[in-house]
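Visitor: Pasting a structure here, questions to come.
The values are calculated or read from the model by the stated rules, or taken from the named source; none is laboratory data. Treat the numbers as computed from the prediction; the structure is a model and nothing was measured. Note that we place each Cβ from the backbone using ideal geometry, even for glycine, and neighbour counts take in every protein chain shown.
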């Protein structure tokens, strides 16, 4: 095989790797879109297709809300169960989804009761 053919083969292989890696990149979603993480966010996830390693961005006024990653019981009951649930408070939280069910609520007062919660199934 000549030098030009080897270079062409290497370029094609590199191009294929780049195209494949772009397809495999995780998507980023802003929860609540332009409204951000707030009251009535429940249902925002409907119609979207999520995968493990996708990133959710929760934007909200720092100190007014938070994000708590809870189990299904915590989601259903609007309770920060278990007590060691991960709590995010930055106002610009970026959370990577895991495969399976991902549950998030606002753990402040009764915010979750006002539909400040989302449940996402990531494939």
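Visitor: Which residue is nearest to residue 40 (Cα to Cα), if the candidates are limited to the stretch 86-123 and must be buried (at least 17 other Cβ atoms within 10 Å of the Cβ) and touching a helix residue (DSSP H, G or I) at 6+ places or on another chain (Cβ under 7 Å)?
Guide: Selected residue: 117.
Visitor: If we keep just the residues of the stretch 79-101 that are at pLDDT 95 or above and assigned to a loop (DSSP other than H, G, I, E, B), which is nearest to residue 54 (Cα to Cα)?
Guide: Restricting to residues being at pLDDT 95 or above and assigned to a loop (DSSP other than H, G, I, E, B), the top hit is 97.
Visitor: Scanning the stretch 31-57 for residues that are more than 10 Å from the chain's Cα centre (by Cα) and outside any loop (DSSP other than H, G, I, E, B), which turns out surrounded by the most Cβ atoms within 10 Å (Cβ to Cβ)?
Guide: My answer is 35.
Visitor: Quick test of your reading of the structure: residue 78 fulfils all but one of (1) buried (at least 17 other Cβ atoms within 10 Å of the Cβ); (2) at positive phi; (3) under 15 Å from the mean Cα position of the chain (by Cα). Name the failing condition by number.
Guide: (3)
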